[in-house]
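Down below is the structure, laid out as structure tokens.
The values are calculated or read from the model by the stated rules, or taken from the named source; none is laboratory data. From a predicted model like this one, the values you see are computed outputs, not experimental measurements. FYI the Cβ positions are ideal-geometry reconstructions off the backbone, even for glycines, and counts take in every protein chain you see.
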């Protein structure tokens, strides 16, 4: 589509919605009204989003395209009015990101809102902004918030205080500077220093502290579990199931009798599971055969959650609302009751269990030539842990007497095929760019005791390759049926970001062609492996990438280099997988499943938002726990990597303990530093010392404020090469040798979370 075509389409859209009889409609209906063919649907949505960014239409709520409110009400439409999401800084001013701005866009797209122009807007609110034309020489847009379209939340978590006979709550974080008055002292029996939840009655402004009321007391600040409960409330995460949902789960349990019905009977097949040592929900199992023609027949058997969660049932409504399981450092908030995910649906060994089976036929070199899908019944022959499989692969002979002939042979075949698939996938253009995954260690009370690197062993790679193969096979099958379905979409990076990435990499002294080419990205990443520049390149490449989301649009999966991809392998913990299972059910029954594009788009946005909320909550709780740990270690040094460079200083994240802190520019006392946006660096005027994204540095812990979530580092020196590092660990009291600490539930959950994330792309 050229620029002229785009402009013409936008004019047609504006003409339609400004007609006197226009009623708010979804893009699909607009396409019909404009007489556009189906193949122009993507073009239409881009045109709509462009108009929304310019403030000429409203788009977002229930995916309805509407006139701007002023025009719809018959009043004169205001020029320069833009809708977007507000983020407030610690100093009170903020920024608004216009609706429709691509996730990959830089901060230059944001509208600056001065302190006195923010009104009572809070972080996350959807607001309307009157944009001020920039003055001569200004490049940054600024504006005034004129309307709160939608509040992100009215509930906040903070610390209860009493001053001069009055009660206040200091909101956690740094977006509300002053304590908020909350009425009578001792409300809800709150005590000084308690963590509480408040309902905001009047939001703070730069002129007024606001007003709130206490609705829940969580417990004393610092008490075991209170930090986790605070994050659960802050992010509005559901931590218990309603009674009617549990009743539905119990009814499903009572009805389940392990009868096969018309399912494909695979109970005699050699099928195994591979999971973390202490896992309870076994949601995937594997079988593998070598056919007479030399081909592979891979069986991926996924727990048939759809059988136990009928569409529209209380279980389904609850699962859809949650969207995903939430994996916090010290507990899991499941999408489904444990009666389902750890019991009925779990593919436990030596038990008949219902599954969705994908049989995938692959050539000797790993090319898929056929795939078929079944509702099946399986009986797992052996449950393996990742550690056991790694031990087997290191020395198979030691395991020969422990396993049946069939299982022994199949494990060897699984490793062979997985490595074939992996080599083929990476050679085909898939980008595998990950930084070492570091997990914090928790003691029995949920407090940080240290950290460790999570190993990406061969056994994990085996399962990962099989899950990717199944997900892609299912997506290709649904696409072949000419269906809209909920894809896992990873759009290509913004070309401007890739151009900036190219320039940045060249600034590091790496000779490269344009990184618009994925194979050139792979070459550069491979070239710096093990070098000091590796961190810089990895962070820069990751920042140039878009976020993967759910939606029906055919955008493909950039990182996997897959044209059609979806999530099928984890319906226990992800609602999109459950949606895919139901579509397969319909096809297996000979009926066409519902595939309304707009409904799937709304569903995809909801699931993406829930996924991002879960990830944000996990990050925030990890941050709180790490800050609490570091608050007792002021002055200790650690190695860190620079993760951000701004005019006001450097952001750095610890390597062994992944806590991100600030090195303020005023603390760089050895020189005066200038900021270079293009190279993501601060460079000294006098000595020429430069600090840039990805540099390794040694820092000291200078200041910690747990409630405000602030960590300040003091720069010690720059590290040119990684040195031998020791994990920063909490001191432990001496104990008798005979007393051995048992592994806790926390460790089990941590291992389970790690394994789950590695499955399915």
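Side notes on the structure shown:
- In the stretch 99-140, the residues that are part of a strand (DSSP E or B) and at pLDDT below 85: 132
- Comparison of 588, 584, 621 shows that the only residue that is surrounded by 20 or more Cβ atoms within 10 Å (Cβ to Cβ), over 20 Å from residue 316 (Cα atoms) and touching a strand residue (DSSP E or B) at 6+ places or on another chain (Cβ under 7 Å) is 621.
- Residue that is in the same structural domain as residue 297 (by TED's automatic domain parsing) and either closer than 30 Å to residue 543 by Cα or surrounded by 19 or more Cβ atoms within 10 Å (Cβ to Cβ) (or both), where the choices are 447, 379: 379
- Any hit, the stretch 288-305, residues being out of contact with any strand residue (DSSP E or B) (no Cβ under 6 Å at 6 or more places or on another chain), surrounded by 16 or more Cβ atoms within 10 Å (Cβ to Cβ), more than 26 Å from residue 421 (Cα to Cα) and touching a residue at least 40 places away in the same chain (Cβ under 8 Å): yes
- All positions within the stretch 494-518 that are over 21 Å from residue 531 (Cα atoms), in contact with a helix residue (DSSP H, G or I) (Cβ under 9 Å, 6 or more places away or on another chain) and in a helix (DSSP H, G or I): 497, 498, 500
- Test: residue in the stretch 368-376 that is under 30 Å from residue 417 (Cβ atoms), free of Cβ contacts under 8 Å to residues at least 12 places away in the same chain and assigned by TED's automatic domain parsing to the domain that holds residue 460: yes
- Selection count where residues are surrounded by 15 or more Cβ atoms within 10 Å (Cβ to Cβ) and either touching a residue at least 40 places away in the same chain (Cβ under 8 Å) or on the phi > 0 side of the Ramachandran plot (or both), scope the stretch 509-531: 4
- Flag if residue 640 is in contact with a helix residue (DSSP H, G or I) (Cβ under 8 Å, 6 or more places away or on another chain), in contact (Cβ under 8 Å) with a residue 24 or more places away in the chain, surrounded by 15 or more Cβ atoms within 10 Å (Cβ to Cβ) and within 30 Å of residue 330 (Cβ to Cβ): no
- Yes/no for residue 147 being surrounded by fewer than 17 Cβ atoms within 10 Å (Cβ to Cβ), farther than 22 Å from residue 707 by Cα and at pLDDT 85 or above: yes
- Some residue of the stretch 466-478 being surrounded by 19 or more Cβ atoms within 10 Å (Cβ to Cβ) and within 22 Å of residue 542 (Cα to Cα): yes
- Every residue from the stretch 412-439 that is outside any helix (DSSP H, G or I) and surrounded by 19 or more Cβ atoms within 10 Å (Cβ to Cβ): 430
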